[in-house]
Structures are given as C-alpha cells and as structure tokens.
1. Just to check your reading of the model, which residue among A:Val315, A:Val276 is surrounded by 23 or more Cβ atoms within 10 Å (Cβ to Cβ) and assigned to a helix (DSSP H, G or I)?
2. Take the conditions surrounded by fewer than 19 Cβ atoms within 10 Å (Cβ to Cβ), of a type outside the set (A, V, I, L, M, F, W, C), closer than 28 Å to A:Val415 by Cα and at pLDDT below 85 and apply them to A:Ser339. Does it pass?
3. Taking the range A:122-177, which residues are among the charged types (D, E, K, R) and either over 14 Å from C:Phe227 (Cβ atoms) or more than 14 Å from chain C (Cβ to nearest Cβ) (or both)?
4. Which of the residues spanning the range C:36-59 are buried (at least 23 other Cβ atoms within 10 Å of the Cβ) and more than 23 Å from C:Lys115 (Cβ to Cβ)?
5. Determine which member of the set C:Val286, C:Val186, C:Val196, C:Val229 is at pLDDT 90 or above, farther than 24 Å from A:Phe132 by Cα and not aromatic (Phe, Trp, Tyr).
6. Starting from the range B:58-78, keep only residues that are more than 17 Å from B:Phe47 (Cβ to Cβ), then list their pairs with residues that are part of a loop (DSSP other than H, G, I, E, B) whose Cβ atoms are within a distance under 6 Å, requiring at least 6 positions of separation or different chains.
7. Go through the range B:139-158 and give me each residue that's farther than 22 Å from A:Ser7 by Cα and not in a helix (DSSP H, G or I).
Amino acid sequence: MSDLTSSAAPPYPATAEKFKFYGLWVAAAIALLVLPKLFSSGGSLTTFSLIGISIIFSLSYNILLGQTGLLSFGHAVYYGLGGFLVIHAINIIGMNKLPIPLPVVPLIGGLTGLLFAVLLGWVSTQRSGTAFAMISLGVAELVASSALILRTFFGGEAGISANRTKLFRVFDWSFGPQIQIYYLVAAWTLLAVIAMYALTRTPLGRMCNAVRDNPERVQFVGYDPHVVRYLAFCFSGFFAGIAGALAAINFEIANSAYLGAVQSGTVLFATYIGGVGFFIGPIIGAIFVTLLSLGLSDLTPVWQLYFGLIFIAVVMFAPGGITGLLMMHRPLLKAGRLSKVLPSYLIAFVPTLAMIVGLILAIETTVHFTVNPGEDSHIKAFGVRFDAANPYIWAMAAILLIGGFLVARKTWTWVGHAWDDATSVAREKGVAS
Amino acid sequence: MSTAIELRGVEKSFGITSVIRNVNLAVAQGERHALIGPNGAGKSTLFNLISGYMLPTTGSILLRDKVISGLPPYQINRRGLSRSFQVTNVFANMSVWENLRCAVLWAAGYRYAFWKNIDNLPEVRDRTAQILGDIHLIARRDVPAGLLTYAEQRALEIGITIAGGADVILLDEPTAGMSHAETERAVALIRRLTEGRTLLIVEHDMSVVFGLADRISVLVYGQIIASGTPEEIRGNPKVREAYLGEEAA
Amino acid sequence: MLELIVISTLNGVLFGMLLFLMASGLTVIFSMLGVLNFAHASFYMLGAFFGFQISRWFGFWPALLIAPLLAGAIGAGVERYGLRRVHKNGHVAELLFTFGLAFAIEEIVQIIWGKSPVDFRVPPLLDFPAFTIFSTNYPAYKIFMLLVSVAIFAALLITLKKTRIGLIVQAALTHPHMVGHLGHNVGRIFMLVFGVGTALAAVAGVIAGPALVTQSNMAGLLGPILFVVVVVGGLGSLPGAFVASLLIGLVQTFAVSINGSLSEAFGPLSPAYATTWLADIWNVTVAQIAPIMPYVLLVLILIFRPMGLLGTRDT
C-alpha cells in the first residue's frame with residue numbers, strides 16, 4: 001500500500017470495531033437460540049417463525065427496492081413458486097425415500113426462485129422505474145392466473161399439501177413440533193441475512209447502488225445497467241424462494257395466495273415501512289408488520305384499512321420508514337442535542353394522539369352502521385367498549401378528529417423549528433453533514 | 001502518429017432537423033483537441049454520438065481504427081473511451097469515495113463480482129485513493145456527492161471520467177459556471193490528469209481553449225468549418241466571422 | 001361463425017373504448033405529473049359505486065353526471081393534499097402513495113358497500129335489445145356505452161387540439177421535461193389534469209357498472225389490465241394507449257368466445273404426457289386462458305419492442 005492510499009483511503013476498521021461487528025452477529029445467533037426459552041408458547045414460536053420468514057422475504061425485496069431502485073409489484077411470484085416446488089419436492093422425497101433431510105429442502109425453494117428469476121428477469125429488467133413496476137405487476141398476474149389454470153400442479157383454489165415429518169431424519173429430528181421448525185427457520189434466517197448483508201459489500205452490490213442513483217452514468221463507467229439489474233433480480237428471486245420454501249414447510253401447504261397480489265403488497269408494505277435506506281430497515285419492517293397484522297386482526301375487523309392508512313402515512317410523512325426516523329436522530333444524539341427536540345415531540349404527541357383516536361372512533365362507528373347495521377350498537381374496538389349509536393360519541397369523534405388535527409398541525413411546526421435549531425447546532429459541532 | 005478518434009461523414013438528424021451535418025474529424029493519439037462553436041452548434045450532440053449515447057443517422061465513428069458507432073455506451077467505455085457531462089452527472093446519494101470506486105471497478109477487472117469483499121481489493125483501493133488525491137477531494141471523501149459544492153462536483157465529474165484509466169477522454173465544458181480561480185485550478189487539473197492521453201474537450205472559455213489545446217475544431221450549425229492549430233484558427237477569417245468575431249468584440 | 005365475429009368485434013371495441021377512457025387519463029397524468037396513478041382503477045370503481053348509490057337516490061341520469069364530478073373532486077383533492085406533498089420524495093414515493101391509496105379505497109368500498117356485488121341495473125329507458133343479428137339480441141345499453149365512450153373520445157380530441165389547456169397537455173406529452181416551466185399556475189393545471197383524468201375513469205365506472213359487475217374487487221381486476229395497456233402502448237403515448245386499448249379489448253373478447261383447446265385441435269395425436277400434469281395445458285380452452293392474454297401480450301411486446309408499440313420515452 002502506498003503512502004497516498006493510507007492517507008486518502010478510508011482507514012481499515014480497527015480491531016475493536018471488527019470485534020464489535022462480529023460480536024453483533026454472534027449476539028444475534030445467541031438471541032435466536034435463547035428466544036424460545038423466554039417465550040415458549042406454541043403461539044409465540046409460530047409468530048417467531050413467521051417473522052423469520054418475513055425477514056428473509058423483505059430483505060430479498062430490498063435487494064430490488066432499496067439497493068437497486070427497482071419497485072416490484074410482483075415479488076410474491078418467486079416466493080410462491082419456491083413454496084409450491086418445495087411441497088412437491090417433499091412429496092417426491094418422501095415417496096421415493098430419498099436421503100435428503102428437511103433442513104436442506106429450503107435450498108430447493110431458493111433454486112426455484114432463482115430459476116424463475118433467471119427466466120422472467122431478463123425481460124422484466126429491461127426497463128427501470130415506472131415501466132419496471134408495471135411489468136412486474138403484469139408478470140405477477142400472468143403467473144398467478146396461470147397457476148389457477150394449471151390445476152394439477154398448483155392444486156387450484158385449495159392448493160397442495162405435504163407432510164414434512166416423513167423425510168430422512170438426522171439427529172432424530174422429526175420437524176413435527178413447532179420448536180424444531182422455529183430452529184430451522186432461525187438458522188436459515190441467520191444464514192440468509194448474513195449472505196444478503198455480504199452481497200451489499202461486493203462490487204456487484206455497489207454497482208446496484210450506482211444503478212439506483214444514476215443508471216445513465218453507470219453506462220459510462222463500463223457497466224450495462226440492464227445486467228446489473230438482472231443479477232440483482234436473480235439474487236432477489238433466490239432469497240424470496242427460500243422464504244417461500246420456509247413458509248410452505250411451516251404451513252405444510254402451498255396455495256394460490258402465496259403467489260398473489262396481496263402477498264406482493266405485504267412484502268412491499270413491510271419493507272417500506274421498515275425503511276429501504278438501511279440494511280436493517282426491512283428486518284424492523286418485517287417484525288413490525290408481522291406483529292401488527294397479527295395484533296390488529298384481533299383488535300378490529302377492518303385492520304387492513306388501518307394497515308393501508310399507516311402505509312400512506314409513512315409514505316407521506318416518513319419516507320425513510322421507521323429506520324429512517326430513528327437514524328435521523330443519530331447526529332442529534334452524538335451532539336447531545338436530543339433533549340432539545342424531545343419536549344416538542346411530547347407536546348405534538350398529545351393532539352396527534354387525539355386526532356388518531358378521533359379517526360379510529362369515526363371509522364369504527366361507520367363500520368358498525370355499514371357492515372353490521374342491525375346489530376347491537378355497543379361495540380368493542382381496540383379492547384374498548386362504546387356505544388356506536390350514541391350522538392355524544394359522534395361528537396367526541398368529530399371534536400377529537402378536527403380539533404386534534406388543527407392543534408397537531410400547529411405543534412408539528414414547532415417540532416420543525418426545534419428540529420432545525422438542534423440540527424444547526426449539531427452541524428456546527430461537525431457531527432451532521 | 002495514429003488516430004485515436006475518427007469521424008467519417010457523420011450526420012445526425014432528429015426528424016427533419018439535422019443537427020450534425022457531414023462531420024469529418026480526426027483526433028491523433030495523445031493530442032489535446034478542443035471543439036468550439038456557438039451555442040446550439042451541436043457540440044454536445046457530437047459528444048453523445050461519439051460516446052454511444054445516441055446513434056448517428058449516417059456515417060461511422062472509429063476508435064483506434066475500429067468502428068464503434070452502433071455500440072452501446074458501456075462497450076465503448078470498455079474499449080477505452082470515457083466522457084464527462086456538461087450537467088454534473090454523479091451518483092448523488094453515494095459518497096465521493098464510492099463514486100470514484102464505482103468508476104474504477106470495471107477497469108480493475110471486477111465487473112459483476114459478487115463473491116469478493118469490495119473493501120478487500122488493494123488495487124481498487126490504491127487507484128481510488130490516487131484519483132481522490134488527484135482531484136483534491138481527500139477532505140470530502142465521505143460526503144455524499146449530492147452535497148458537494150458545484151466546483152467540487154465538477155472535479156468529481158472529471159475524477160469519475162478518468163478513474164477507469166481510459167486513454168481517450170471527452171470532457172464536456174468542464175469549467176462551465178466556475179469562477180476565474182476555480183477555472184485555473186480545473187485547467188491545471190485537466191492538464192495533469194490527461195498527460196499522455198488523448199483529450200477531446202468542448203469549452204466556451206477561450207483562454208482555456210487556447211491555453212490547453214494542441215488543435216482546435218470549430219463547429220457551426222452542425223458543420224466543422226475549420227480545424228487547425230490555435231494560431232491557424234485565430235487567423236482564420238471564416239472562424240472570426242462566424243464565431244470569434246462576436247465573442248472578441 | 002360470422003355471428004361470433006360480429007358480436008365479438010362489437011364487444012371488443014366497446015371494452016377497448018372503456019379501457020381507453022381510463023388509459024387516456026392515466027397517460028395524460030403520467031406525462032404531466034410524471035407519476036403513474038396506481039389508484040386509477042380505484043377511481044373507476046368509485047365511479048361505479050357512486051353511480052350506483054346516486055342512481056338509487058335520484059336515478060341513473062343524474063348519477064351519470066354527479067358521480068364523475070364527485071370522483072374527480074376527490075381526485076383533485078388527492079393531488080392537492082397528497083401527491084403534491086409526496087412529490088419531493090421522488091417518483092417511487094408517488095407511485096407508492098397511489099398504491100397505498102388504491103389499497104385504502106378498496107377497503108373503504110368494502111366497508112361501505114360490502115364484498116358482494118351490488119344491484120346496479122341498466123336504466124329502464126335503455127333496457128331493450130337494440131337490434132338482433134343472427135338470433136342474438138344486442139342490448140341497447142351497450143350501444144349507449146359505445147356512444148358515450150366515442151363522444152368523450154371526440155370531446156377529448158377537440159379539447160386537445162383546440163384549447164389552451166389542450167396545447168399545454170400536448171406540449172407535456174412530447175416534452176415532459178418542459179412541464180416545470182409552465183409558470184406559476186402549474187399547480188392548478190396539475191390539479192385540474194388529475195381531477196379530469198380521474199373523472200374520466202369514473203365515467204367509465206358509471207357506464208360500465210350496470211353492464212359488468214359492480215363489486216369491491218373490480219379495481220383489483222381491471223387495474224393490472226389497464227397498466228398493461230399503457231405499457232404495451234408505450235408509456236406516455238396517447239395514440240399508443242388508444243391502439244393498445246382496442247387491441248387488448250379485442251384480443252380478450254375474442255379469446256373468451258373461443259372454446260377450442262390443444263386436445264380438440266390435435267385430439268388424435270394425444271401424446272403420452274397428456275395424462276401427467278401437462279394435461280392441464282393440453283386440455284385448457286382458449287376461453288379459459290383469456291384472462292392471461294393481456295399479460296402474454298405484455299411479455300411478447302417487451303421481448304420485441306421494449307418501449308411499447310408507439311413509445312419513445314424511457315422512464
């Protein structure tokens with residue numbers, strides 16, 4: 001290494017930093033091992049498994065959206081096909097007594113996802129931007145509709161099922177109990193996350209970022225942006241296939257919903273709400289959205305509407321997602337100015353909460369009168385009972401909604417001012433750039 | 001002396017408007033060649049044609065005696081021709097370091113590698129550091145390119161253009177919009193970085209053109225009306241009438 | 001056979017014109033605002049449901065006027081208070097915003113009108129067979145739909161060619177980068193364009209509602225086909241959208257009416273694999289694959305003409 005390099009290039013990470021970095025992964029592995037000891041109920045194990053699957057799926061989606069700037073409306077195609085092939089594979093392996101244990105079966109799903117990404121990707125990635133988004137939607141519709149036509153293979157509306165416990169066993173694990181499935185999912189999640197993180201730090205990973213930022217200029221440094229997009233698409237399909245395979249193993253069934261628009265929309269929601277700008281964003285999004293969809297569906301019948309509203313709110317007010325919001329505060333934290341903005345948050349929180357409560361009251365009341373008009377007007381939403389026919393409730397909803405909105409708008413401008421002051425101080429201290 | 005770039009009867013028209021008309025031009029290996037002309041003469045279009053951004057309507061373009069017209073930009077770049085843009089065209093969300101490194105990767109042979117850690121490529125690191133030093137942006141290494149000052153972005157633009165080690169360099173108005181002092185620094189930079197390479201430069205600042213170029217071609221209404229050494233161009237009455245006359249007056 | 005061709009052509013052109021009612025608005029919005037309105041089919045659905053509700057209260061004819069105005073007003077509001085805010089976050093955010101909106105509109109429609117189809121009837125005035133060809137009665141309402149679509153098509157054409165706004169829109173179609181230089185009232189023009197575009201989709205919804213099924217999934221069913229139309233035609237190309245609308249309208253209508261399958265055509269040659277899962281391909285009828293025809297067309301177009309039939313822009 002020349003002197004110039006050592007003075008101009010970013011320094012190699014110090015041993016302490018390296019230690020911290022690898023320590024983080026080891027800690028994650030240990031956490032995954034210990035988690036079932038802390039929450040051992042069947043329900044929480046299922047939830048953890050679903051979160052793990054969702055993490056792989058969302059991270060694979062972010063290879064497209066966050067890393068390469070490709071907005072796909074059809075990512076479930078590769079997830080679903082991976083799932084279907086794995087169900088068939090389990091049946092074939094079981095029938096022929098092949099010496100293939102369940103833990104390696106997700107790889108079949110990954111390869112299926114990869115194969116279809118290789119086949120469909122070249123056409124799909126010819127264009128970027130809006131055209132790519134529409135093409136991904138069209139290809140997804142094509143595959144989903146074809147799946148319903150090819151009934152023998154895809155099992156029509158009912159789908160196809162398999163018994164995961166009939167395979168060749170190692171260490172006498174039957175993979176019948178959920179705890180064993182949890183460990184299978186956890187191991188694959190860790191592997192996939194490490195692999196996808198490593199991918200971001202390769203020449204291809206960097207060129208994906210370059211294509212996202214400026215596909216035109218990429219051509220003038222020797223790269224074909226179409227090839228870069230295509231390769232990103234193939235990797236994304238591979239990991240989506242693994243996620244689909246794990247889902248199929250978890251449920252022991254694959255049906256047309258795996259391939260459908262709702263599945264594609266959900267992964268988009270999870271990834272975007274988590275934040276596409278950081279590697280950890282989709283992980284946070286996957287956890288948040290899985291818990292939210294499980295939790296909200298118990299609290300209210302129209303949880304999907306809330307889901308959509310949350311998504312719209314994130315797109316409008318926090319385009320960086322949850323992770324983006326958190327990361328915004330890092331320079332303030334470093335400069336010790338966080339305490340200057342927190343009070344304004346508290347002030348803004350009260351009317352904003354009032355507005356949200358008003359909105360929920362209004363929605364739930366409307367739902368009562370449109371969905372179940374004949375029934376008892378004493379309804380329960382979010383664990384709270386109230387009388388939807390009571391005019392006082394209507395008035396309260398209106399006051400909270402309108403009043404909350406007007407006050408909240410005012411307080412958020414204060415937050416803006418406090419924010420500007422704090423960041424300018426942080427900038428002076430040279431923390432924020 | 002062999003030719004680096006040669007244009008033979010190149011024409012470009014958009015619909016019925018012809019922008020480039022029968023242009024013949026040869027730039028010798030190692031020559032610094034300036035392309036001047038009034039606004040709208042088609043200078044940037046000519047750059048777009050040479051670099052593969054647009055296809056010529058007729059005619060052919062040769063790089064070191066091999067036809068390149070019809071090839072996509074990335075293949076032309078791989079054959080050793082690199083260009084900059086008039087409007088700064090960098091990777092805005094990536095740091096200065098990443099910008100330069102992306103421009104180094106292909107030429108260093110890493111292409112679409114997804115099995116190598118990008119931070120563990122010593123020759124890429126050395127080359128990137130060298131360019132970073134050359135364009136005097138070491139202090140701004142980790143700043144996202146979109147947040148640089150205008151002059152810094154122009155320097156980065158040049159850095160990206162030369163980073164791959166192409167030996168034919170096309171610079172499109174590298175000093176446009178710069179102050180006098182910034183222009184001087186930029187010219188020194190260009191002179192140093194293109195040492196031993198072939199340079200084709202579009203420039204409006206006549207002091208830059210006459211200070212830098214070995215030869216000059218004048219493009220007016222899509223046609224080259226004169227080509228020669230700076231002295232010949234200065235003395236050429238056609239050029240004075242068509243172009244320099246207005247500017248000098 | 002001839003009967004099939006005549007009827008299918010009529011239905012195909014009708015479906016194509018309906019598609020174009022929506023695709024035209026979508027294309028103009030895309031060219032001017034740079035955003036592909038994912039919720040466009042949702043406004044078509046809103047049109048149908050508003051039309052249904054208003055025709056219950058006041059009758060079909062007021063509904064034909066009021067429902068599009070209402071949907072257009074909502075559209076204008078969405079542009080003014082939603083899209084314009086999201087604009088600074090880039091095109092992906094804008095597209096995602098309209099995606100979230102489509103999702104929310106579907107949920108809201110489901111909450112208000114339920115999941116099953118509503119009883120949106122053809123107005124009695126038009127509930128008679130217009131003419132009979134080869135023993136098939138062709139309903140007058142379909143002729144009316146065709147007339148409305150053609151009338152709006154003509155009105156659009158005249159607006160584009162003869163008015164100031166039309167000139168601006170035309171300029172935006174050919175030089176999308178120049179839109180920013182329209183001057184200080186650019187915001188109002190955007191709002192107007194978005195409002196009119198969504199209102200046109202709502203007109204399609206009102207007139208299609210009684211003839212097709214008015215249900216909360218109608219946007220989800222039609223949306224993808226609509227996007228296929230604009231991609232096949234070439235994003236941002238109005239003539240392209242017109243050609244693609246008719247093409248897809250005809251292709252799908254004809255496919256639905258053909259009952260042949262591979263096994264029927266090559267029955268005696270029945271290969272050995274016809275008993276395995278490939279039997280699905282062997283036995284499927286053309287009518288059954290009609291729903292995927294637009295997407296097959298999309299893939300074919302992308303292979304041979306990535307820019308679309310008449311497209312020039314790379315977005």
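The values are calculated or read from the model by the stated rules, or taken from the named source; none is laboratory data. Being a predicted model, the structure only gives us computed values, none of them experimental. Here the Cβ is made from the backbone with ideal geometry for all residues, glycine too, and neighbour counts use every protein chain on show.
1. Details: A:Val276 fails: assigned to a helix (DSSP H, G or I).
The unique qualifying residue is A:Val315.
2. On the way: surrounded by fewer than 19 Cβ atoms within 10 Å (Cβ to Cβ): yes; of a type outside the set (A, V, I, L, M, F, W, C): yes; closer than 28 Å to A:Val415 by Cα: yes; at pLDDT below 85: yes.
The answer is yes for A:Ser339.
3. Going residue by residue through the range A:122-177, those that are among the charged types (D, E, K, R) are A:127, A:141, A:151, A:157, A:164, A:166, A:169, A:172.
Of everything in the range A:122-177, those that are among the charged types (D, E, K, R) and either over 14 Å from C:Phe227 (Cβ atoms) or more than 14 Å from chain C (Cβ to nearest Cβ) (or both) turn out to be A:Arg151, A:Glu157, A:Arg164, A:Lys166, A:Arg169, A:Asp172.
4. Result: C:Leu36, C:Asn37.
5. On the way: C:Val286 fails: at pLDDT 90 or above; C:Val186 fails: at pLDDT 90 or above; C:Val229 fails: farther than 24 Å from A:Phe132 by Cα.
C:Val196 is the lone residue from the list that is at pLDDT 90 or above, farther than 24 Å from A:Phe132 by Cα and not aromatic (Phe, Trp, Tyr).
6. Partner pairs satisfying both residue conditions: B:Arg78/A:Gly222.
7. Matches in the range B:139-158: B:Thr149 only.
Every residue, every condition in (1) within 14 Å of the chain's Cα centre (by Cα); (2) surrounded by 15 or more Cβ atoms within 10 Å (Cβ to Cβ), yes or no:
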{"position": "B:Ser2", "(1), (2)": "no, no"}
{"position": "B:Phe14", "(1), (2)": "no, no"}
{"position": "B:Ser18", "(1), (2)": "no, yes"}
{"position": "B:Asn22", "(1), (2)": "no, yes"}
{"position": "B:Asn48", "(1), (2)": "yes, yes"}
{"position": "B:Ser51", "(1), (2)": "yes, yes"}
{"position": "B:Thr58", "(1), (2)": "no, no"}
{"position": "B:Gly70", "(1), (2)": "no, no"}
